[in-house]
Amino acid sequence: ALGAWGHPKSVDLTAEDVRNCLTSPPYLPVTVVNTTARLADLRHQMQIKNLSAYIIPETDAHMSEYIGTRDKRRAWMTGFTGSAGTAVVTIGKAGLWTDSRYWTQAERQMDCNWELHKEVDTTSIVIWLLAEVPVGGNVGFDPFLFSIGSWESYDMALINSNIKLVSITPNLVDQAWGSEKPLVLSQPIYALQEAFTGSTWQEKVSDIRSQMQKHPKAPTAILLSALDETAWLFNLRGSDIPYNPFFYSYTLLTNSSISLFVNKSCLNSETLKYLNSDCPGSMCVQVKDYSQVRHNVQAYASGNVKIWIGTSYTTYGLYEVIPKEKRIEDTYSPVMVTKAVKNSKEQALLKASHVRDAVAVIRYLVWLEKNVPKGTVDEFSGAELLNKFRGEEQFSSGPSFETISASGLNAALAHYSPTKEVHRKLSSDEMYLLDSGGQYWDGTTDITRTVHWGTPSAFQKEAYTRVLIGNIDLSRLVFPANTSGRMIEVFARRALWDVGLNYGHGTGHGIGNFLCVHEWPVGFQYGNIPMAKGMFTSIEPGYYQDGEFGIRLEDVVVVVEAKTKYPGSYLTFEVVSLVPYDRNLIDVSLLSPEQIQYLNHYYETIRKKVGPELQQRQLLEEFEWLQQHTEPLSAKAPHTTPLASLLAVFSLAIFSCSV
């Protein structure tokens, strides 16, 4: 789980077969998509709307991390299928802006109608627009695909340019796509069984309304735009979005009414009854058509009301129909913040899912030990087998993201995922990085382990051990309540920094109860909310040696109260991922006695929680493997932490407080 906490789609990062638009005729690989007709259709729509340019981001109307096929407008228009990038089309030109992860892929998939801009910031797009759009021209965009922040960035950049930013509905790419666009599938929306929920939806609604009443600005309604907000609030799940059990939806919750905007055909009579949809009371859900949300919000906003929104997930399409004086804005909605703290039942459910998930991962690791030396396993087939093992676990509902199964030098590409066509064989002579997770009715999982079945180099062992130390040091840290994650994430980097190593991605992200594998706003990044008891987050330091190997060790942890010598409000983490680390890669001489003690206690916990599950299911070979890999470690040499290192960490933490 990396970067902006997206697990990107499969990418061939090793291919050299790319387009050459400078030759005559241009050279185009077979992977290129011909977009000439698509661009002509879009430009026809632009001319009807009197537009000089049209901006096409890669997102949906809910700012989702993963989007459905019918929302991949930029991919259809450009041919480029990478998960990050923005396209802009003028009457005479077309450009794509994306980051370095996807440059090769873009050159393999786009035809010569498209310019590739190797930048991602709004400023570079605006500079291009100023050069290409005539004075007095209009730049169009779909307001439902622009976050409030994106709209503000473009609007501010163009405000003194004599170029106008114009909100256009319906979407012009949809108009050009026409009948070829994938249909909205009426996949069932279903209620979770009570056994898999922490509270009833009525209890959740009452709690959110109570927060509304206590708010100093007295909101009369809350508008929910993120798909996981509505799914969590009503304990409903669906299958509209890859890897996430969500359905297209909005919710407008007032003091006296509840409006749920969905595809009505996805709700059967049982689910409608569950929602009390046939009555007019304050605890009855009024089911309305998904497409009517803007009209309904606009009508509600015409009254004497105040609407509370979370700006991170509300699109400009809804924001622009709520008058400024009637908006109450927070970065995250109260539902998003409340959902982040799991109650005792939700914590127990999440922990239970991690026990079964550990069984699947251990089965896979045992199988790899036996089969990798035969030379018959590749990255893709391995990932497929792990998905199969997870699918055999109770309450399984598929993977929680595309598995990162990376051998040798591919593991140095932090965002690499294999494809059926492009992959490497697993080898006993190379390190193997596995970042994977599952969706279960009781929880969502995400775990990374790095292994080596042969003889690792001294540097590989040192790097692995220092990554492990970072994981341990942050996991066992005691810190004051209400501390921001970004203030303490340096503890995951200290052992690497000691010797001049580092990693270029975030240290962790929140995780949901059969919801998002990357659940905001919990984590260690800027913009995350302070840590609180009951939050779940990943801890995942790493190290990547370009062209050689990659290491990442990721565990999911829950924030718990710390037991301190003196009274005070302090927190720490409890690890809920339950798979041993690779003993073959641990240099015990680098570990302090406290780190060894912590590791041995963790292994004892794994034995107690996973061992009986393996025995009960007659997985005796896996049980024996677990016993061997959780044998207590013992110190080989004295260990000291340099004082200068400690001072550096605390100095940086103090600096973080001030920025």
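The values are calculated or read from the model by the stated rules, or taken from the named source; none is laboratory data. Predicted, not measured: the structure shown is a model, and the values here were computed from it. Glycine gets a Cβ as well: all are built from the backbone with ideal geometry, and neighbour counts include every protein chain shown. What goes into the accessible areas is simple: the full protein's heavy atoms, side chains included, and nothing from ligands, DNA or RNA. Shrake-Rupley method; radii C 1.70, N 1.55, O 1.52, S 1.80 Å.
Quick notes on this one:
- Protein accessible area in the chain, 1.4 Å probe - carbon and sulfur %: 53 percent
- For the chain, the share of DSSP beta bridges that are antiparallel, to the nearest 5, is 70%.
- Distance in nm between pseudo-label sites at S265 and D99 (7 Å out along the Cβ direction from Cα): 3.9 nm
- Spacing of the two label points (7 Å from each Cα toward its C-beta) at V135 and K273, in nm: 6.9 nm
- Computed over the range 66-204, the alpha-carbon pair-distance distribution with 10 angstrom bins reads 10, 33, 30, 14, 10, 3, 0, each value a whole percent.
- Positive-pole candidate from T230, V32, F247, dipole of the chain, charges at beta carbon: T230
- FRET efficiency, 1/(1 + (r/R0)^6) with R0 35 Å, evaluated for E548 and I91 via beta carbons: 0.15
- Angstrom value of the Kirkwood radius, inverse mean 1/r, which spans all Cα pairs in the range 344-629: 19.0 Å
- GluC sites (Glu not before Pro) lying in DSSP loop within the range 379-458, provided at most 14 other Cβ fall within 10 Å: E392, E421
- Cα extents of the range 540-639 along the three principal axes, largest first (Å): 47, 42, 28
- The slack between S179 and N584, meaning 0.36 nm per residue of separation minus the straight C-alpha distance, is 140.2 nm.
- The chain: angle of helix 36-48 to the longest principal axis, Cα-based, in degrees nearest 10: 50 degrees
- Summarised as an ellipsoid, the range 365-405 has semi-axes of 21, 12, 6 Å, derived from the eigenvalues of the Cα gyration tensor scaled by 5 and square-rooted, with the largest first.
- Per-peptide average of other Cβ atoms within 10 Å, ordering 475-482, 98-105, 249-256 highest first: 249-256, 98-105, 475-482
- Cα lying deepest toward the dipole's positive end in the chain, options F389, Q193, A411, charges on Cβ: Q193
- Computed over the range 298-443, relative contact order equals 22 percent, with contacts defined as Cα pairs under 8 Å that lie 6+ residues apart.
- Assigned charges on the beta-carbon of Lys, Arg, Asp, Glu; the range 35-180 dipole about Cα centre (debye): 300 debye
- Residues H295 and S457, FRET efficiency given R0 of 56 Å [Cβ-Cβ distance, rounded to 0.05]: 0.30
- Percentage relative contact order, the range 344-629, counting C-alpha pairs under 8 Å, at least six apart: 21 percent
- Residues whose placed amide H lies under 5 Å from that of R327, excluding near-sequence neighbours: I307
- Cross-link pairs exceeding 19 Å between alpha carbons, from the set K118/K181; K533/K563; K264/K306; K204/K306: K118/K181; K264/K306; K204/K306.
- Between Q597 and E152, the contour length at 0.36 nm per residue exceeds the alpha carbon distance by 155.1 nm.
- The chain, dipole about Cα centre (Lys/Arg Cβ +1, Asp/Glu Cβ -1), debye to the nearest 20: 1220 debye
- Only Lys, Arg (+1) and Asp, Glu (-1) charged, at Cβ; the range 378-506 dipole about Cα centre in debye: 360 debye
- Lys/Arg +1, Asp/Glu -1 at C-beta; the range 405-473 dipole; positive extreme among F459, S436, T448: F459
- Peptides 297-307, 458-468, 505-515 ordered by average Cβ neighbours within 10 Å, highest first: 505-515, 458-468, 297-307
- Averaged over its residues, the chain has an accessible area of 40 Å² per residue, based on protein heavy atoms and a 1.4 Å probe.
- Label point at S397 placed 7 Å out along Cα→Cβ; residues across the range 514-540 whose backbone nitrogen lies under 18 Å: 514-520
- Cα point-scatterer Debye curve for the chain, base-10 log of I(q)/I(0) at q = 0.05, 0.06, 0.09 Å⁻¹: -0.25, -0.36, -0.82
- Near F549, the amide H atoms lying under 5 Å from its own belong to A412; only residues 5 or more places off or on other chains count, and H is placed 1.01 Å from N.
- Computed helical MRE - 222 nm, the chain, DSSP H runs ≥ 4 contributing -39500 (n - 2.57), nearest 500: -10000 deg cm²/dmol
- Residues of the range 237-258 with an amide N closer than 20 Å to a point placed 7 Å from the Cα of A218 along the Cα-to-Cβ direction: 253-257.
- Sequence-separation-based contact order of the chain, relative, with Cα cut under 8 Å and 6+ spacing, percent: 11 percent
- Reduced Cα scattering model of the range 190-340, Debye log10 I(q)/I(0), q = 0.09, 0.17, 0.19 Å⁻¹: -0.25, -0.97, -1.25
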